[in-house]
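One structure below.
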Amino acid sequence: MKNYFRLTLMLAVIALMGCENPIAQETRVHEDGSLDKSIIFEKTDSSVLERNIFHVGPENGWKVSVSPVIDGKNNDKLRVQFDKSFPSAEAMNAELDAPSDTLFRVKSSFEKKFRWFYTYIRYSETYRPLNRFMMLPYDDFFNAEDMQFIRRLPAEGARISKADSVSLQMLNVKVDDYYARAAIANEQVDILRQLLVLTNTRTSLLDSLESVREVFFEQLENDKGDENFVMRMTDSLKIKFADRARAATVADSLSESLNARLQFMSYVRDGRYQAMIEIPWTVVETNADSVVGNRLYWRPLQHKFLFTDYELYAESRQLNVLTATLSAVLIGFTLLLWIWRARRNKSA
């Protein structure tokens, strides 16, 4: 299967290669905490109308608009935009941050605080990690220096130093040639373990799965794709099943979860991500890549949320006219009272 070729590269974000799946998210934040959300697939086909990595569509209340992409290069592509309004961040999280191993998850947070002279709004969106491997913690391979390097990477398209460019390439090699292959090997070996148990076949091999893991790891380096990877490897390991057809069916069933996650990771690996948040009032703090008025823009590299949450946040404030006026009146009254008392004491 083609995805097996891509799966070993799924986390390796090659900075100079063209991305095929540009995805934009836009959020308009209102003072009362309600939100207008747009998810835009910039260059896609009609398949996203029925199935996409956010699980959004007309069936769950999203308005859809479709227009052709006319740029001389992608005239057969479509721009598909999904729009929906939510009464609160919690309501949006119920749809976009529902637990799932095969969806792009976004958690939103809205907080409004009164601080006498100012009222503050803090809004954030947190992208959940793209890594969906279940049997190999990323911190077994990546140290604090790696994570620090990822955190300080600039926005997509920004220039980086030659030294950082080399470090980025080395990070990609580490992700691709070591972590991804090892993670896939772990899950494939577990599928084999379950297959042997369920078919009661050569269970003595269960005691030597560590050596099998090494074989799988080496094989994944050269395999360009095979949807029957585990079954083919049983031939290499000279494993004989009493009923091979049944064993193949069982192997397919056991592989469903991994295959679905690999398809998701393969798709998002080719993504180019943009975000815009429009927040009311005057912006006083944000980690946006650029700010235009009360619109904030991000263009994060995928590295930012490969393994850990990535938060996009903005804080704005508005002067409380009533409390400011009241404070001015009280200060003025106090000042006048002090002057009056000073004159009275002087005349006495």
*asked:* Given (1) touching a helix residue (DSSP H, G or I) at 6+ places or on another chain (Cβ under 9 Å); (2) of a type outside the set (Gly, Ala, Ser); (3) not in a loop (DSSP other than H, G, I, E, B), identify the lone condition not met by Asp235.
replied: (1)
*Confirm whether Pro68 is touching a strand residue (DSSP E or B) at 6+ places or on another chain (Cβ under 9 Å), open to solvent by 80 Å² or more (accessible area, probe 1.4 Å) and without any contact (Cβ under 8 Å) to a residue 40 or more places away in the chain.*
yes
*Pick from the stretch 265-289 the residues that are among the small types (Gly, Ala, Ser) and closer than 23 Å to Lys112 by Cα: which of them is least open to solvent (accessible area, probe 1.4 Å)?*
Ala275
*Yes/no for Lys63 being out of contact with any His (no Cβ under 8 Å at 6 or more places or on another chain), open to solvent by 70 Å² or more (accessible area, probe 1.4 Å) and more than 21 Å from Phe264 (Cα to Cα)*: yes
_First in the stretch 203-226 and of a type in the set (Ser, Thr, Tyr), second anywhere and loosely packed, with under 14 Cβ neighbours inside 10 Å and modelled with pLDDT of 90 or more, Cβ under 9 Å, 6 or more apart_ = Thr203/Val197
*Do any residues in the stretch 173-187 that are open to solvent by 10 Å² or more (accessible area, probe 1.4 Å) have Cβ atoms under 8 Å from those of residues that are at pLDDT below 90 and not in a helix (DSSP H, G or I), where the two are at least six apart or on different chains, and which pairs are they?*
Val173/Ala12; Asp176/Thr8; Asp176/Leu9; Asp176/Leu11; Asp176/Ala12; Arg181/Thr8
*Going through the stretch 176-206 one residue at a time, which ones are assigned to a helix (DSSP H, G or I) and among the charged types (D, E, K, R)?*
Asp176, Asp177, Arg181, Glu187, Asp190, Arg193
*Can you name every residue in the stretch 112-168 that is open to solvent by 80 Å² or more (accessible area, probe 1.4 Å), of a type in the set (Asp, Glu) and within 30 Å of Ala98 (Cα to Cα)?*
Asp139, Asp140
*Give the stretch 258-292 a look and list any residue that's at pLDDT 95 or above and hydroxyl-bearing (Ser, Thr, Tyr), or say none.*
Tyr273, Thr282, Thr286, Ser290
*Can you name every residue in the stretch 116-149 that is among the small types (Gly, Ala, Ser) and over 20 Å from the mean Cα position of the chain (by Cα)?*
Ala144
*For His30, indicate whether it is modelled with pLDDT of 95 or more, surrounded by 14 or more Cβ atoms within 10 Å (Cβ to Cβ), closer than 30 Å to Tyr179 by Cα and of a type outside the set (A, V, I, L, M, F, W, C).*
no
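The values are calculated or read from the model by the stated rules, or taken from the named source; none is laboratory data. Note that the structure is predicted; figures quoted are calculated from it, not measured. Cβ coordinates were reconstructed from backbone atoms using ideal geometry, including for glycine residues, and neighbour counts include every protein chain displayed. Just so you know, the surface numbers come from the protein's heavy atoms only, side chains and all, with ligands and any DNA or RNA stripped out. Shrake-Rupley method; radii C 1.70, N 1.55, O 1.52, S 1.80 Å.
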